[in-house]
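The values are calculated or read from the model by the stated rules, or taken from the named source; none is laboratory data. Because the structure is a prediction, the values reported are computed rather than measured. Note that each Cβ is placed from the backbone with ideal geometry, even for glycine, and that neighbours are counted across all protein chains shown. Just so you know, the surface numbers come from the protein's heavy atoms only, side chains and all, with ligands and any DNA or RNA stripped out. Shrake-Rupley method; radii C 1.70, N 1.55, O 1.52, S 1.80 Å.
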Amino acid sequence: MQSKYNAHEIEPKVRAYWNEKRSFRAEEIPGQRKYYCLSMFPYPSGKLHMGHVRNYTIGDALSRYHRMRGYNVLQPMGWDAFGLPAENAAMANGVPPAQWTYDNIAYMKKQLQSLGFAIDWERELATCKPDYYRWNQWLFLRMLEKGLVYKKTGTVNWDPVDQTVLANEQVIDGRGWRTGALVEKREIPMYYMAITQYADELLSALDTLPGWPERVKTMQANWIGKSYGVRFAFPYTLDGKAEKLWVFTTRADTIMGVSFCAVAAEHPLAAHAAQNNPKLAAFIDECKHGSVIEADMATMEKKGMPTGIHVDHPLTGAKVEVWVGNYVLMSYGDGAVMGVPAHDERDFHFAKVYGLPIPQVIAVDGKPFSTDAWQEWYADKEHGICVNSGKYDGLKYMQAVDAVAADLKAKGLGDKQVMWRLRDWGISRQRYWGTPIPLIHCSDCGAVPVPDNQLPVVLPEDCVPDGAGNPLNKRADFLDCTCPKCGKKARRETDTMDTFVDSSWYYTRFACADQKNSMVDARVKYWLPVDQYIGGIEHAILHLLYSRFWTKVMRDLGLVTLDEPFANLLTQGMVLNEIFFRKPESGRIVYYNPTEVDIAVDANGKRTGVTLRADGQPVESGGIGTMSKSKNNGVDPQSLIEEYGADTARLFMMFASPPEQTLEWSDSGVEGASRFLKRLWGFAHDQQAVIAAGLREHGATVAEGWKPALSAHADFRREIHTILKQADFDFAKFQFNTVVSAAMKILNAASAFAAAPPADAKTAGEWQRLITEATGILLRLLAPITPHIAHALWQDLGFGEDVLAAPWPAADAAALDADEVELVVQVNGKLRGSLRVAKSADRAEIERLAMQNANVQKHIAGQTVKKVVVVPGRLINVVV
RNA sequence: GCCGGGAUGGCGGAACUGGUAGACGCACCGGACUCAAAAUCCGGCGGUAGUAAUAUCGUGGGGGUUCGAUUCCCCCUCCCGGCACCA
């Protein structure tokens, strides 16, 4: 055994052992409890970043921990390999996206392997391979058959930089989620997946997921956005034809207060009215081309223009004028609203601007109503009562909604309806590097599905996009085909699928990645659901919602039996680092990597200044932020691994903060982690002989209930087992930072204990035995977190062949038991001393001893003792 | 605006069902070793007063419940995240 810790020598050897033993190959073992631990698979962007390292370290620690606890563990890995960056790289370097992607996969796989993750690489998959994406195509066709996929020409979000369509979910603040470019509206025919058909279940099933973070469930619920209300119509006549203007409202109780209607600029009625009204046409144009930044829109001034068209109030028959309003969204409901200025804040402001009537129809407790300014209570449906509403007067919110809905229904003009914020999922992308949509366009038969026996529609891998549209449109060998229906010459669809499709079901494929004949097979039933899913919070809505949707679709097609794919979800926090910059008088801010600056501190360790090493001049601190290229505050995991080894990197990641919280990068924190491993190695080296003797005499463990003869030894054993008990509890809570802390405590305690061998030969055996036991506990606690060093020491010290096969250590209740306990003595809740008493001491005895304490006497002198609170095993509080 | 989550030393963070606040680590200070430095080891380390024992204040702010509150309740401030003209 080497005297010094050398990660670079140990780690490859340990990994070679795992490889040779195929340690992480997962097999279906009926009867054994399984644990499917999945970290979100990476996009092969080139190299790992710290977020990946954190994500996969958490997953690996959980996998190894559960394995040691006796679970049959599956931890697979794959590649989310389709996507735009590959095309961008292709344009920049003239390399086909496929080649770029496969090169990246090869490099990143090596990186993952160098971190020692317990992954079953035999199940590796890449979504850009035909044997994977053929099942995207296959399921797409099944969904087409069931009406879950449909074609629609719709307004789509067009990213002018990437030249592609974006889903609503991919538009953030009016900008493309990837490019940050302002999104334009375009009319394009595309395919949709009818996720809204599952809206109800996607929402209600959130309640069946106790293992998901509350905030993720809230985000999904908000996204799905269920509203209960009434959908009804205002009848009108246009060009002699009877028409209906449909609106949706959650406040049908205010229907008698309608003083106008407002439609979106894109509404057909607006377009019709604009035909011979140039001013209106100009206004509509302005609305369409105005700012699309949603935060802006929310605060934008309410603008509108009358259409000159009047509709009839469905209950009173009164004429109501229709306006075009810039605050009405075409994408929600029917793109039209009823205007009730007195009880809707937006309608109120709109009416004030255009001088429309504001009739009160809701009252609260005789509060005075005034049209001068908006009051919160005008929209109060909890306390509001209908007034000035004819037959509805006096009714409360729900009663009035019911009555109004019933009356509208009787007239055939409306009914109660549930409205969703969620839209169907447009999956067509005018992109090359994705799953080809399996359709063929025939001049006679239209869009014809590719027959199953012709799947997969293989994407040619040698295209090099040049930025001028989809290169598939220039590939005759791809385009030209025959119509499966009539056999005539036809043209293949060149749109590809949104890459979120790829990641919506990969977790099922890991159960049977080698299956050639079907999308999934019976092994899915063994492994699914995923017991623990781990990934970034940024996927809280899109990926997780789509995955839940696909699971339900696959269930309804009889492919799987589960309702939800992920039983437990852990959203790990982001990795942050400090940002340093200079802002020149003119020009752009320059960011400096934290490795390029020096930080000066005073005698108390407080920071006094930051300078750039290169020129010694000050730089500014921009606070702490997510590691990013733009802020130049990233740290490359590769350099970390090369300098310190995988175990140090893993230990630091786990120790710096709990998994769900953000993690702040710290060079000295990494040093600290490395120092601990060096100390651990040094300790093990120094105690080799002692542990060898301990193992020889007594074996690796001691029988439960065994008690050391010396009380000092019993104290040591109690300390170790107390720490172990807490660490075990923390591990179960996934609070790895305190588990690491526990390991540090054990090493500290064991080092001190080992430094004081008993002179007495009789108790030396007991001492050896305790050091051996503590070391065995320590190595097993660390095995999930720093597996290489734990494995090496476990073997070198002679504990056994494979620490992974060792049982998880259990705290011995007998060790925790003490004859004497330390009690805290308080007077009026303030700490005044402590007391060692026999465990058997009764209340009266404890009280008597507490009162004898000099400091207690001092503080109760001259006062009457009102009460003495005794908490057994904890404290005594004397109240005066 | 609505929803969710936070605020504890110089820093990251501990504290089980209310029971010794600040574990563990980092930084810093002092000492040992060394010609010296690094590394390593030992000791100290919330504020204030005191040589010290000790006292006192202290978990964003204010109130409450309790023998006792970082923990429970009410109000407020600030920060982070999500949704956002959703009718």
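When only residues in the range A:384-427 that are among the small types (Gly, Ala, Ser) and touching a residue at least 12 places away in the same chain (Cβ under 8 Å) count, which is farthest from A:Phe140 (Cα to Cα)? If we take residues in the range A:384-427 being among the small types (Gly, Ala, Ser) and touching a residue at least 12 places away in the same chain (Cβ under 8 Å), then A:Gly390 is farthest from A:Phe140 (Cα to Cα).
Going by what's in this entry, would A:Ser23 be described as at pLDDT 95 or above and hydroxyl-bearing (Ser, Thr, Tyr)? Answer is yes for this residue.
Conditions tested, residue by residue: (1) touching a helix residue (DSSP H, G or I) at 6+ places or on another chain (Cβ under 7 Å); (2) closer than 29 Å to A:Ala262 by Cα; (3) open to solvent by less than 50 Å² (accessible area, probe 1.4 Å).
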residue: A:Phe350; (1), (2), (3): no, yes, yes
residue: A:Trp377; (1), (2), (3): no, yes, yes
residue: A:Tyr392; (1), (2), (3): yes, yes, yes
residue: A:Arg423; (1), (2), (3): yes, yes, no
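Scanning the range A:1-55 for residues that are closer than 18 Å to A:Ser114 by Cβ, among the basic types (Lys, Arg) and open to solvent by 10 Å² or more (accessible area, probe 1.4 Å) turns up A:Lys13, A:Arg15, A:Lys47.
Tell me, yes or no, whether the range A:709-724 has at least one residue that is more than 23 Å from A:Ala805 (Cβ to Cβ) and in a loop (DSSP other than H, G, I, E, B). Yes; the residues of the range A:709-724 include at least one that is more than 23 Å from A:Ala805 (Cβ to Cβ) and in a loop (DSSP other than H, G, I, E, B). Sort out which residues of the range A:224-249 are touching a residue at least 40 places away in the same chain (Cβ under 8 Å) and surrounded by fewer than 18 Cβ atoms within 10 Å (Cβ to Cβ), and write them in order of number. Within the range A:224-249, A:Gly225, A:Lys226, A:Ser227, A:Tyr228, A:Pro235, A:Leu238, A:Lys244, A:Trp246 qualify. So, of the residues in the range A:310-341 that are hydrophobic (A, V, I, L, M, F, W, C) and more than 8 Å from RNA strand B (Cβ to nearest atom), which turns out to be surrounded by the most Cβ atoms within 10 Å (Cβ to Cβ)? So the residue we want is A:Val311. Somewhere in the range A:429-452, is a residue in contact with an Asp or Glu (Cβ under 7 Å, 6 or more places away or on another chain) and surrounded by fewer than 17 Cβ atoms within 10 Å (Cβ to Cβ)? Looking for residues that are in contact with an Asp or Glu (Cβ under 7 Å, 6 or more places away or on another chain) and surrounded by fewer than 17 Cβ atoms within 10 Å (Cβ to Cβ), one finds at least one in the range A:429-452, hence yes.
Screening A:Met519 on (1) modelled with pLDDT of 95 or more; (2) open to solvent by 40 Å² or more (accessible area, probe 1.4 Å); (3) not in a helix (DSSP H, G or I) shows it passes everything except condition (2). Is there a residue being open to solvent by 50 Å² or more (accessible area, probe 1.4 Å) and closer than 22 Å to A:Ile29 by Cβ anywhere in the range A:473-484? No - not one qualifying residue is present in the range A:473-484. Flag: A:Asp563 does not match the condition of being out of contact with any helix residue (DSSP H, G or I) (no Cβ under 8 Å at 6 or more places or on another chain), under 21 Å from A:Gln197 (Cα atoms) and at pLDDT 90 or above.
To keep it simple, each residue is scored yes or no on (1) farther than 23 Å from A:Val418 by Cβ; (2) more than 9 Å from RNA strand B (Cβ to nearest atom).
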position	(1), (2)
A:Arg175	yes, yes
A:Val183	yes, yes
A:Tyr191	yes, yes
A:Leu206	no, yes
A:Asn222	no, no
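Candidates in the range A:855-880 are the residues that are open to solvent by 80 Å² or more (accessible area, probe 1.4 Å) and in a helix (DSSP H, G or I); of these, the one that is nearest to RNA strand B (Cβ to nearest atom) is A:Lys858.
Among the residues of the range A:717-768, how many are basic (Lys, Arg), open to solvent by 50 Å² or more (accessible area, probe 1.4 Å), touching a helix residue (DSSP H, G or I) at 6+ places or on another chain (Cβ under 9 Å) and farther than 30 Å from A:Tyr35 by Cβ?
Number satisfying all stated conditions: 1.
If the condition is being closer than 21 Å to A:Arg423 by Cα, within 16 Å of RNA strand B (Cβ to nearest atom) and among the aliphatic types (A, V, I, L, M), then the range A:536-569 contributes A:Ala540, A:Ile541, A:Leu542, A:Leu544, A:Leu545. Taking the stated definitions as given, is A:Thr648 touching a residue at least 40 places away in the same chain (Cβ under 8 Å), in contact with a helix residue (DSSP H, G or I) (Cβ under 9 Å, 6 or more places away or on another chain) and closer than 30 Å to A:Lys13 by Cβ? Criteria met by A:Thr648. Test A:Phe348 against the stated conditions and say whether it is out of contact with any Asp or Glu (no Cβ under 6 Å at 6 or more places or on another chain), within 13 Å of RNA strand B (Cβ to nearest atom), more than 20 Å from A:Thr254 (Cβ to Cβ) and at pLDDT 85 or above. No: the conditions fail for A:Phe348.
The set of residues in the range A:683-707 that are open to solvent by 60 Å² or more (accessible area, probe 1.4 Å) and within 16 Å of RNA strand B (Cβ to nearest atom) contains only A:Asp686. Provide a single number: the residues in the range A:600-627 that are under 24 Å from A:Val575 (Cα atoms), of a type in the set (Lys, Arg) and modelled with pLDDT of 80 or more. Residues that pass the stated criteria total 0.
Within the range A:628-640, at least one residue is more than 9 Å from RNA strand B (Cβ to nearest atom), in contact (Cβ under 8 Å) with a residue 40 or more places away in the chain, open to solvent by less than 10 Å² (accessible area, probe 1.4 Å) and under 25 Å from the mean Cα position of the chain (by Cα). Among the residues of the range A:641-672, those identified as charged (D, E, K, R), under 19 Å from A:Gly59 (Cβ atoms) and away from RNA strand B (no atom under 14 Å from the Cβ) are A:Asp647, A:Arg650.
Summed over the range A:807-833, residues that are within 11 Å of RNA strand B (Cβ to nearest atom), open to solvent by 60 Å² or more (accessible area, probe 1.4 Å), over 47 Å from the mean Cα position of the chain (by Cα) and without any contact (Cβ under 8 Å) to a residue 24 or more places away in the chain total 0. A:Leu680 falls short on exactly one of the conditions (1) under 22 Å from A:Tyr107 (Cβ atoms); (2) within 14 Å of RNA strand B (Cβ to nearest atom), and that condition is (1).
Residues are listed down the side, and each one gets a yes or a no for (1) under 22 Å from A:Ala814 (Cα atoms); (2) within 16 Å of RNA strand B (Cβ to nearest atom):
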| residue | (1), (2) |
| --- | --- |
| A:Ala709 | yes, no |
| A:Ala727 | yes, yes |
| A:Ala759 | no, no |
| A:Arg780 | yes, no |
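Residues of the range A:81-90 include none that is of a type in the set (Asp, Glu) and farther than 30 Å from A:Ser628 by Cβ. Among the residues of the range A:500-517, those identified as out of contact with any Leu (no Cβ under 8 Å at 6 or more places or on another chain) and under 21 Å from A:Ile437 (Cβ atoms) are A:Val501, A:Asp502, A:Ser503, A:Ser504. If I filter the range A:564-584 for residues that are open to solvent by 20 Å² or more (accessible area, probe 1.4 Å), free of Cβ contacts under 8 Å to residues at least 24 places away in the same chain and over 20 Å from the mean Cα position of the chain (by Cα), do I get at least one hit? Scanning the range A:564-584 turns up at least one residue that is open to solvent by 20 Å² or more (accessible area, probe 1.4 Å), free of Cβ contacts under 8 Å to residues at least 24 places away in the same chain and over 20 Å from the mean Cα position of the chain (by Cα).
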